[in-house]
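**Q** Here it is: the structure, laid out below.
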Amino acid sequence: MKKLFKPFAVLALAAALAFSASGCGEDTSWSYKASGNTLSNGNWIYYTYTEYQNAKSKIDEQKAETSESDESSAEIDYTKEKIDNKKAVDWIYAEAKDACIAQLTMEKLVKDNKVKIDEEALSNMESSYKMYYENFKDTLEELGVSEETYVKANARYGYLSQQLFMRLYDKGGSKEVKDEELNKYFTEKYTHYFYIPYALQTTDESGNSTDVSEEDVEKMTTNFNKYALMLNKEGKTTDDVVAQYKTDNSTETDPSTSQTTILENAGLDEELENAIKELKAKQAVVKKTDSTLYLIYKADINDYVANIKSDSEFNSEDTSQISRTTILYGMKSEEFENYLKAEKKKLKYEKNDACISKYNVQRTIDIITKAEKEASSAS
(Lines give C-alpha, C1' and ligand atoms only; values in the text may rest on other atoms or scores of the structure.)
Protein backbone atom coordinates (compact mmCIF):
# COMPACT_ATOMS: atom_id res chain seq x y z
CA MET A 1 0.00 0.00 0.00
CA LYS A 2 2.84 2.31 0.86
CA LYS A 3 4.40 1.67 -2.54
CA LEU A 4 1.14 2.50 -4.22
CA PHE A 5 0.58 5.68 -2.21
CA LYS A 6 3.56 7.61 -3.47
CA PRO A 7 2.74 7.43 -7.19
CA PHE A 8 -0.86 8.37 -6.49
CA ALA A 9 0.28 11.19 -4.24
CA VAL A 10 2.66 12.46 -6.90
CA LEU A 11 -0.07 12.28 -9.53
CA ALA A 12 -2.52 14.08 -7.27
CA LEU A 13 0.01 16.80 -6.51
CA ALA A 14 0.85 17.18 -10.20
CA ALA A 15 -2.83 17.43 -11.07
CA ALA A 16 -3.33 20.05 -8.39
CA LEU A 17 -0.37 22.04 -9.66
CA ALA A 18 -1.60 21.74 -13.24
CA PHE A 19 -5.06 22.93 -12.22
CA SER A 20 -3.53 25.81 -10.31
CA ALA A 21 -1.30 26.74 -13.23
CA SER A 22 -4.16 26.61 -15.71
CA GLY A 23 -6.23 28.83 -13.42
CA CYS A 24 -3.46 31.40 -13.22
CA GLY A 25 -2.80 31.22 -16.93
CA GLU A 26 -6.33 31.48 -18.24
CA ASP A 27 -6.59 33.05 -21.68
CA THR A 28 -7.79 36.65 -21.25
CA SER A 29 -7.01 37.76 -24.79
CA TRP A 30 -10.63 37.50 -25.91
CA SER A 31 -13.91 38.66 -24.39
CA TYR A 32 -16.85 37.38 -26.47
CA LYS A 33 -17.27 34.87 -29.30
CA ALA A 34 -20.13 34.03 -31.66
CA SER A 35 -20.58 32.45 -35.09
CA GLY A 36 -16.86 32.22 -35.77
CA ASN A 37 -16.13 35.81 -34.75
CA THR A 38 -14.05 36.75 -31.72
CA LEU A 39 -13.78 40.06 -29.90
CA SER A 40 -10.49 40.85 -28.22
CA ASN A 41 -10.06 42.02 -24.63
CA GLY A 42 -9.45 45.45 -26.16
CA ASN A 43 -12.95 45.45 -27.65
CA TRP A 44 -14.47 44.85 -24.23
CA ILE A 45 -12.24 47.47 -22.59
CA TYR A 46 -13.08 50.04 -25.26
CA TYR A 47 -16.80 49.60 -24.73
CA THR A 48 -16.40 49.99 -20.96
CA TYR A 49 -14.56 53.23 -21.77
CA THR A 50 -17.28 54.61 -24.08
CA GLU A 51 -20.07 53.59 -21.69
CA TYR A 52 -18.19 55.18 -18.80
CA GLN A 53 -18.29 58.43 -20.76
CA ASN A 54 -22.04 57.99 -21.35
CA ALA A 55 -22.60 57.22 -17.67
CA LYS A 56 -20.64 60.29 -16.64
CA SER A 57 -22.78 62.51 -18.89
CA LYS A 58 -26.00 61.00 -17.55
CA ILE A 59 -24.96 61.49 -13.94
CA ASP A 60 -23.89 65.07 -14.66
CA GLU A 61 -27.33 65.71 -16.17
CA GLN A 62 -29.02 64.19 -13.13
CA LYS A 63 -26.96 66.35 -10.79
CA ALA A 64 -27.75 69.46 -12.83
CA GLU A 65 -31.47 68.70 -12.56
CA THR A 66 -31.15 68.39 -8.77
CA SER A 67 -28.96 71.51 -8.38
CA GLU A 68 -25.87 69.45 -7.65
CA SER A 69 -24.02 70.49 -10.81
CA ASP A 70 -21.21 72.11 -8.78
CA GLU A 71 -20.00 68.65 -7.75
CA SER A 72 -17.11 67.42 -9.85
CA SER A 73 -17.65 64.40 -12.09
CA ALA A 74 -14.24 63.13 -10.94
CA GLU A 75 -15.71 62.69 -7.44
CA ILE A 76 -18.55 60.45 -8.57
CA ASP A 77 -18.83 57.10 -6.82
CA TYR A 78 -19.99 54.85 -9.64
CA THR A 79 -20.82 52.07 -7.17
CA LYS A 80 -23.43 54.29 -5.49
CA GLU A 81 -24.79 56.62 -8.20
CA LYS A 82 -27.66 55.10 -10.17
CA ILE A 83 -28.70 55.21 -13.82
CA ASP A 84 -32.05 53.71 -14.83
CA ASN A 85 -32.35 52.22 -11.33
CA LYS A 86 -29.01 50.42 -11.67
CA LYS A 87 -25.75 51.17 -9.94
CA ALA A 88 -23.72 53.15 -12.47
CA VAL A 89 -20.97 50.53 -12.49
CA ASP A 90 -23.55 47.83 -13.34
CA TRP A 91 -25.14 50.06 -15.96
CA ILE A 92 -21.75 50.52 -17.65
CA TYR A 93 -21.18 46.76 -17.57
CA ALA A 94 -24.58 46.01 -19.13
CA GLU A 95 -24.16 48.63 -21.86
CA ALA A 96 -20.62 47.49 -22.70
CA LYS A 97 -21.81 43.89 -22.93
CA ASP A 98 -24.67 44.95 -25.18
CA ALA A 99 -22.21 46.77 -27.46
CA CYS A 100 -20.10 43.61 -27.76
CA ILE A 101 -23.16 41.50 -28.60
CA ALA A 102 -24.26 44.14 -31.11
CA GLN A 103 -20.90 43.96 -32.88
CA LEU A 104 -20.98 40.16 -33.05
CA THR A 105 -24.58 40.24 -34.25
CA MET A 106 -23.67 42.64 -37.02
CA GLU A 107 -20.82 40.40 -38.18
CA LYS A 108 -23.16 37.39 -38.28
CA LEU A 109 -25.92 39.23 -40.16
CA VAL A 110 -23.47 40.53 -42.73
CA LYS A 111 -22.29 36.98 -43.38
CA ASP A 112 -25.79 35.47 -43.37
CA ASN A 113 -27.08 38.08 -45.82
CA LYS A 114 -24.01 37.82 -48.09
CA VAL A 115 -23.27 41.53 -47.79
CA LYS A 116 -20.47 42.65 -50.08
CA ILE A 117 -17.68 44.57 -48.37
CA ASP A 118 -15.77 47.15 -50.36
CA GLU A 119 -12.39 46.95 -48.64
CA GLU A 120 -11.25 50.22 -50.19
CA ALA A 121 -14.31 52.09 -48.94
CA LEU A 122 -13.90 50.54 -45.49
CA SER A 123 -10.22 51.47 -45.45
CA ASN A 124 -11.05 55.08 -46.32
CA MET A 125 -13.49 55.20 -43.43
CA GLU A 126 -10.91 53.70 -41.10
CA SER A 127 -8.34 56.33 -42.03
CA SER A 128 -10.31 59.12 -40.39
CA TYR A 129 -10.67 57.11 -37.18
CA LYS A 130 -6.92 56.58 -37.08
CA MET A 131 -6.59 60.34 -36.76
CA TYR A 132 -9.26 60.43 -34.03
CA TYR A 133 -7.36 57.78 -32.08
CA GLU A 134 -4.44 60.15 -31.64
CA ASN A 135 -6.66 62.47 -29.56
CA PHE A 136 -7.20 59.75 -26.93
CA LYS A 137 -4.09 57.68 -27.53
CA ASP A 138 -2.47 57.99 -24.07
CA THR A 139 -5.58 56.98 -22.14
CA LEU A 140 -6.59 54.24 -24.58
CA GLU A 141 -3.13 52.71 -24.59
CA GLU A 142 -3.07 52.69 -20.80
CA LEU A 143 -6.44 50.98 -20.81
CA GLY A 144 -5.17 48.42 -23.33
CA VAL A 145 -7.06 49.57 -26.43
CA SER A 146 -4.95 49.49 -29.58
CA GLU A 147 -5.43 51.70 -32.61
CA GLU A 148 -6.63 48.69 -34.60
CA THR A 149 -9.28 47.84 -32.00
CA TYR A 150 -10.48 51.44 -31.77
CA VAL A 151 -10.71 51.81 -35.53
CA LYS A 152 -12.58 48.54 -36.06
CA ALA A 153 -15.01 49.18 -33.20
CA ASN A 154 -15.99 52.48 -34.79
CA ALA A 155 -15.47 52.37 -38.55
CA ARG A 156 -16.24 48.71 -39.17
CA TYR A 157 -19.53 48.58 -37.29
CA GLY A 158 -20.76 51.79 -38.93
CA TYR A 159 -19.76 50.63 -42.40
CA LEU A 160 -21.28 47.16 -41.99
CA SER A 161 -24.49 48.67 -40.64
CA GLN A 162 -24.85 50.85 -43.73
CA GLN A 163 -24.14 47.97 -46.10
CA LEU A 164 -26.50 45.59 -44.31
CA PHE A 165 -29.29 48.18 -44.34
CA MET A 166 -28.97 48.65 -48.08
CA ARG A 167 -28.68 44.90 -48.68
CA LEU A 168 -32.00 44.43 -46.91
CA TYR A 169 -34.05 47.41 -48.08
CA ASP A 170 -32.58 48.49 -51.40
CA LYS A 171 -33.53 46.98 -54.74
CA GLY A 172 -33.22 43.20 -54.74
CA GLY A 173 -33.07 42.96 -50.94
CA SER A 174 -35.10 40.57 -48.81
CA LYS A 175 -37.05 43.54 -47.40
CA GLU A 176 -36.93 45.57 -50.64
CA VAL A 177 -38.77 48.89 -50.71
CA LYS A 178 -40.35 49.26 -54.14
CA ASP A 179 -40.27 52.59 -55.97
CA GLU A 180 -44.03 52.96 -55.65
CA GLU A 181 -43.85 52.65 -51.86
CA LEU A 182 -40.88 55.00 -51.61
CA ASN A 183 -42.47 57.61 -53.88
CA LYS A 184 -45.69 57.48 -51.85
CA TYR A 185 -43.74 58.08 -48.63
CA PHE A 186 -41.86 60.92 -50.31
CA THR A 187 -44.94 62.77 -51.52
CA GLU A 188 -46.69 62.35 -48.16
CA LYS A 189 -43.79 63.29 -45.88
CA TYR A 190 -41.59 65.68 -47.86
CA THR A 191 -42.04 69.36 -48.69
CA HIS A 192 -40.25 71.56 -51.20
CA TYR A 193 -40.11 75.15 -49.99
CA PHE A 194 -38.50 78.36 -51.18
CA TYR A 195 -38.22 81.63 -49.29
CA ILE A 196 -36.47 84.99 -49.34
CA PRO A 197 -35.99 86.67 -45.95
CA TYR A 198 -35.67 90.38 -45.25
CA ALA A 199 -34.47 91.29 -41.76
CA LEU A 200 -36.46 94.06 -40.09
CA GLN A 201 -33.52 95.04 -37.91
CA THR A 202 -29.86 95.74 -38.55
CA THR A 203 -27.00 95.25 -36.10
CA ASP A 204 -23.96 97.52 -35.93
CA GLU A 205 -20.40 96.49 -35.06
CA SER A 206 -21.10 97.04 -31.36
CA GLY A 207 -24.02 94.63 -31.45
CA ASN A 208 -26.68 97.31 -31.18
CA SER A 209 -29.93 96.61 -33.07
CA THR A 210 -31.79 99.24 -35.06
CA ASP A 211 -35.14 98.91 -36.79
CA VAL A 212 -35.10 99.20 -40.57
CA SER A 213 -36.85 102.35 -41.77
CA GLU A 214 -40.56 102.10 -42.58
CA GLU A 215 -39.77 103.34 -46.07
CA ASP A 216 -37.37 100.42 -46.70
CA VAL A 217 -39.82 97.90 -45.26
CA GLU A 218 -42.61 99.26 -47.43
CA LYS A 219 -40.40 99.11 -50.52
CA MET A 220 -39.42 95.49 -49.84
CA THR A 221 -43.02 94.54 -49.05
CA THR A 222 -44.08 95.94 -52.42
CA ASN A 223 -41.37 93.93 -54.15
CA PHE A 224 -42.28 90.76 -52.27
CA ASN A 225 -45.93 91.16 -53.24
CA LYS A 226 -44.78 91.53 -56.83
CA TYR A 227 -42.78 88.29 -56.59
CA ALA A 228 -45.75 86.48 -55.07
CA LEU A 229 -47.88 87.65 -57.99
CA MET A 230 -45.25 86.36 -60.43
CA LEU A 231 -45.51 82.91 -58.85
CA ASN A 232 -49.25 82.81 -58.19
CA LYS A 233 -50.65 84.41 -61.33
CA GLU A 234 -48.01 84.88 -64.01
CA GLY A 235 -46.62 81.35 -64.25
CA LYS A 236 -43.09 82.43 -63.35
CA THR A 237 -40.55 80.23 -61.56
CA THR A 238 -38.50 80.80 -58.43
CA ASP A 239 -35.48 81.32 -60.71
CA ASP A 240 -37.38 84.17 -62.35
CA VAL A 241 -38.08 85.65 -58.91
CA VAL A 242 -34.43 85.47 -57.89
CA ALA A 243 -33.41 87.17 -61.15
CA GLN A 244 -35.97 89.93 -60.55
CA TYR A 245 -34.79 90.37 -56.94
CA LYS A 246 -31.20 90.81 -58.12
CA THR A 247 -32.31 93.44 -60.60
CA ASP A 248 -34.47 95.30 -58.08
CA ASN A 249 -31.70 95.36 -55.48
CA SER A 250 -28.67 95.79 -57.80
CA THR A 251 -26.97 92.67 -56.43
CA GLU A 252 -25.51 89.42 -57.72
CA THR A 253 -26.20 87.62 -54.45
CA ASP A 254 -28.96 85.01 -54.39
CA PRO A 255 -30.90 85.69 -51.14
CA SER A 256 -33.15 82.65 -51.34
CA THR A 257 -33.21 79.35 -49.50
CA SER A 258 -34.87 76.28 -50.98
CA GLN A 259 -34.94 72.67 -49.88
CA THR A 260 -36.72 69.38 -50.38
CA THR A 261 -36.99 67.75 -46.98
CA ILE A 262 -39.21 66.60 -44.15
CA LEU A 263 -40.33 69.99 -42.89
CA GLU A 264 -40.13 69.12 -39.19
CA ASN A 265 -36.47 68.17 -39.62
CA ALA A 266 -35.46 71.37 -41.42
CA GLY A 267 -34.68 73.37 -38.28
CA LEU A 268 -36.70 76.39 -39.39
CA ASP A 269 -38.05 79.15 -37.19
CA GLU A 270 -41.42 78.01 -35.83
CA GLU A 271 -43.36 80.86 -37.45
CA LEU A 272 -41.72 80.19 -40.82
CA GLU A 273 -42.36 76.45 -40.56
CA ASN A 274 -46.02 77.01 -39.71
CA ALA A 275 -46.42 79.47 -42.59
CA ILE A 276 -45.06 76.87 -45.02
CA LYS A 277 -47.38 74.20 -43.63
CA GLU A 278 -50.41 76.43 -44.15
CA LEU A 279 -49.64 77.01 -47.83
CA LYS A 280 -51.20 74.99 -50.62
CA ALA A 281 -49.04 73.51 -53.37
CA LYS A 282 -47.80 76.08 -55.90
CA GLN A 283 -48.76 78.98 -53.65
CA ALA A 284 -46.68 82.00 -52.63
CA VAL A 285 -47.35 84.38 -49.73
CA VAL A 286 -45.74 87.38 -48.05
CA LYS A 287 -45.42 86.82 -44.30
CA LYS A 288 -44.22 89.28 -41.65
CA THR A 289 -42.97 88.18 -38.23
CA ASP A 290 -41.51 90.26 -35.40
CA SER A 291 -38.01 90.09 -36.86
CA THR A 292 -38.33 89.17 -40.55
CA LEU A 293 -40.35 89.78 -43.68
CA TYR A 294 -40.62 86.68 -45.87
CA LEU A 295 -41.60 85.78 -49.38
CA ILE A 296 -42.52 82.10 -49.08
CA TYR A 297 -43.37 79.60 -51.81
CA LYS A 298 -44.42 75.96 -51.52
CA ALA A 299 -43.99 73.80 -54.59
CA ASP A 300 -45.99 70.74 -55.62
CA ILE A 301 -43.94 67.87 -54.16
CA ASN A 302 -45.11 65.54 -56.95
CA ASP A 303 -43.00 67.59 -59.36
CA TYR A 304 -39.85 66.45 -57.51
CA VAL A 305 -40.32 62.67 -57.61
CA ALA A 306 -38.27 62.52 -60.81
CA ASN A 307 -35.35 64.11 -58.94
CA ILE A 308 -34.95 61.08 -56.65
CA LYS A 309 -31.71 59.32 -57.57
CA SER A 310 -30.12 56.05 -56.46
CA ASP A 311 -26.53 55.99 -55.19
CA SER A 312 -25.18 55.10 -58.65
CA GLU A 313 -26.91 58.14 -60.18
CA PHE A 314 -26.72 60.64 -57.33
CA ASN A 315 -24.48 63.68 -57.72
CA SER A 316 -24.09 65.63 -54.48
CA GLU A 317 -23.06 68.75 -56.41
CA ASP A 318 -26.42 68.84 -58.19
CA THR A 319 -28.65 70.49 -55.59
CA SER A 320 -31.80 69.55 -57.51
CA GLN A 321 -31.19 65.84 -56.91
CA ILE A 322 -32.63 63.95 -53.94
CA SER A 323 -30.92 60.89 -52.49
CA ARG A 324 -33.05 57.73 -52.60
CA THR A 325 -30.93 56.32 -49.79
CA THR A 326 -31.74 59.27 -47.53
CA ILE A 327 -35.46 58.72 -48.09
CA LEU A 328 -35.01 55.00 -47.50
CA TYR A 329 -33.36 55.64 -44.13
CA GLY A 330 -36.23 57.91 -43.17
CA MET A 331 -38.67 55.13 -43.97
CA LYS A 332 -36.91 52.14 -42.48
CA SER A 333 -34.32 53.18 -39.88
CA GLU A 334 -36.63 52.47 -36.93
CA GLU A 335 -37.62 49.10 -38.37
CA PHE A 336 -33.94 48.31 -38.95
CA GLU A 337 -33.04 49.13 -35.33
CA ASN A 338 -35.83 46.88 -34.09
CA TYR A 339 -34.59 44.13 -36.40
CA LEU A 340 -31.06 44.42 -34.95
CA LYS A 341 -32.41 44.32 -31.39
CA ALA A 342 -34.37 41.17 -32.14
CA GLU A 343 -31.34 39.51 -33.74
CA LYS A 344 -29.16 40.42 -30.74
CA LYS A 345 -31.56 38.58 -28.43
CA LYS A 346 -31.31 35.46 -30.61
CA LEU A 347 -27.51 35.42 -30.82
CA LYS A 348 -25.77 32.49 -29.11
CA TYR A 349 -22.41 33.61 -27.76
CA GLU A 350 -19.58 32.69 -25.41
CA LYS A 351 -18.36 35.05 -22.70
CA ASN A 352 -14.83 34.83 -21.30
CA ASP A 353 -15.36 35.48 -17.59
CA ALA A 354 -11.62 35.53 -16.95
CA CYS A 355 -11.19 38.43 -19.38
CA ILE A 356 -14.25 40.34 -18.11
CA SER A 357 -13.07 39.88 -14.52
CA LYS A 358 -9.50 40.96 -15.21
CA TYR A 359 -10.51 44.02 -17.24
CA ASN A 360 -13.53 44.92 -15.13
CA VAL A 361 -15.47 48.16 -15.24
CA GLN A 362 -13.94 49.49 -12.03
CA ARG A 363 -10.46 49.13 -13.54
CA THR A 364 -11.55 51.33 -16.46
CA ILE A 365 -13.11 53.89 -14.11
CA ASP A 366 -9.97 54.04 -11.96
CA ILE A 367 -7.63 54.55 -14.92
CA ILE A 368 -9.76 57.26 -16.52
CA THR A 369 -10.53 59.20 -13.33
CA LYS A 370 -6.85 59.13 -12.43
CA ALA A 371 -5.95 60.50 -15.87
CA GLU A 372 -8.65 63.18 -15.55
CA LYS A 373 -7.35 64.28 -12.14
CA GLU A 374 -3.77 64.46 -13.45
CA ALA A 375 -4.89 66.50 -16.46
CA SER A 376 -6.86 68.82 -14.19
CA SER A 377 -3.88 69.31 -11.87
CA ALA A 378 -1.57 69.98 -14.80
CA SER A 379 -3.83 72.73 -16.14
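**Q** Quick check on packing: order 101-111, 360-370 by the mean number of other C-beta atoms within 10 Å, highest mean leading. Display every interim value, and only then the final one.
**A** On the way: 101-111: 19.8, 360-370: 17.8.
Going from most to least packed, we get 101-111, 360-370.
**Q** Averaging sequence separations of C-alpha pairs under 8 Å and six or more residues apart, then dividing by the length of the stretch 135-276, give the relative contact order as a whole percent. Spell out each step's value before the answer.
**A** On the way: 76 pairs, mean separation 32.3, N = 142.
RCO, the stretch 135-276: 23 percent.
**Q** Between the stretch 278-357 and the stretch 214-277, what is the separation of their alpha carbon centroids in Å?
**A** Here the answer is 25 Å between Cα centres.
**Q** Cross-link partners among aspartates and glutamates for LYS226, C-alpha distance below 15 Å, same-chain residues fewer than 8 apart left out?
**A** Excluding near neighbours in sequence, the set is GLU218, GLU234, ASP239, ASP240, ASP248.
**Q** Give the carbon-plus-sulfur fraction of the accessible surface of the stretch 245-323 in %, rounded to a whole number; probe 1.4 Å, heavy atoms of protein chains only. Mind dumping the intermediate values first?
**A** Values: 1740 of 4770 Å².
Within the stretch 245-323, the accessible surface is 36 percent carbon and sulfur.
**Q** Further, regarding this structure: Let me understand the chain better: what is its radius of gyration from the alpha carbons, and its Dmax, in angstrom?
**A** 30.4, 120
**Q** Report ³J(HN,Hα) in whole Hz for each residue of the stretch 53-60, in order, from the Karplus equation J = 6.51 cos²θ - 1.76 cosθ + 1.60 where θ = phi - 60°; Gly and Pro get x.
**A** After applying 6.51 cos²θ - 1.76 cosθ + 1.60, I find 4, 5, 5, 4, 5, 5, 5, 4 Hz.
**Q** Something else: Can you check what the Kirkwood hydrodynamic radius comes to for the stretch 155-300, Cα pairs only, in Å to one decimal? Numbers along the way, then the final one.
**A** On the way: mean 1/r = 0.0554 Å⁻¹.
It works out to 18.1 Å.
**Q** 222 nm [θ] for the chain, helices only, -39500 (n - 2.57) per DSSP H run of 4+, per residue, to 500?
**A** -19000 deg cm²/dmol
**Q** Now for a different question. Straight-line reach from LYS116: which lysines have a Cα under 19 Å away, not including same-chain ones fewer than 8 places off?
**A** Once the sequence-local lysines are set aside, what remains near LYS116 is LYS108, LYS152, LYS171, LYS175.
**Q** Arrange the peptides 371-377, 27-33 so that the one whose residues have, on average, the most other Cβ atoms within 10 Å appears first. Spell out each step's value before the answer.
**A** Working: 371-377: 11.6, 27-33: 16.9.
Going from most to least packed, we get 27-33, 371-377.
**Q** I'm a student and want to see the number: the projected area of the Cα convex hull of the stretch 41-161, averaged over all directions, in nm².
**A** Details: hull surface 35.5 nm².
So the mean shadow area of the Cα hull is 8.9 nm².
**Q** Next question, about the same structure. Any chance you could give the angle, 0 to 90 degrees and rounded to 10, that helix 119-143 forms with the longest Cα principal axis of the chain?
**A** 60
**Q** Can you give me the Rg/Rh ratio for the stretch 233-358, using Cα atoms for both radii and the Kirkwood formula for Rh?
**A** Details: Rg = 23.0 Å, Rh = 19.0 Å.
Ratio value, two decimals: 1.21.
**Q** Turning to a different aspect of this structure: Counting only DSSP beta bridges with both residues in the chain, tell me the antiparallel percent, nearest 5.
**A** Details: 30 of 32 bridges.
Approximately 95 percent, going by the DSSP bridge assignments.
**Q** With the crude spin-label approximation of a point 7 Å out along Cα→Cβ, what separation in nm comes out for SER291 versus ILE262?
**A** It is 2.6 nm.
**Q** Relative to the longest principal axis of the chain, what angle (0 to 90°, nearest 10) does the C-alpha long axis of helix 324-346 take?
**A** Around 20 degrees separate the two axes.
**Q** In a solvent-free Debye calculation with one equal scatterer on each Cα, what is log10 I(q)/I(0) for the stretch 297-379 at q = 0.17, 0.18, 0.19 Å⁻¹, listed in the order of the q values?
**A** Taken in order of the listed q values, log10 I(q)/I(0) reads -0.85, -0.89, -0.94.
**Q** Determine the alpha carbon to alpha carbon distance for each of LYS63/LYS97; LYS56/LYS332; LYS33/LYS137; LYS246/LYS287 and list only those over 23 Å. If you can, show how the numbers build up before the last one.
**A** Values: LYS63/LYS97 26 Å; LYS56/LYS332 32 Å; LYS33/LYS137 26 Å; LYS246/LYS287 20 Å.
Pairs exceeding 23 Å: LYS63/LYS97; LYS56/LYS332; LYS33/LYS137.
**Q** Follow-up question, since we're still on this one. Sequence gap at least 6, Cα distance under 8 Å: using those rules, report the relative contact order of the stretch 296-367 to the nearest whole percent.
**A** Details: 21 pairs, mean separation 12.6, N = 72.
Contact order relative to length: 18 percent.
**Q** Quick one: compute the contact order of the chain, relative version, from alpha carbon pairs under 8 angstrom and 6+ residues apart, as a percent.
**A** Contact order relative to length: 23 percent.
The values are calculated or read from the model by the stated rules, or taken from the named source; none is laboratory data. The structure presented is a predicted model; accordingly, all values stated were derived computationally and were not measured. All Cβ positions, glycine included, derive from the backbone under ideal geometry; neighbour counts span all protein chains shown. Heads up: the accessible areas ignore ligands, DNA and RNA and are worked out on the full protein's heavy atoms, side chains in. Shrake-Rupley method; radii C 1.70, N 1.55, O 1.52, S 1.80 Å.
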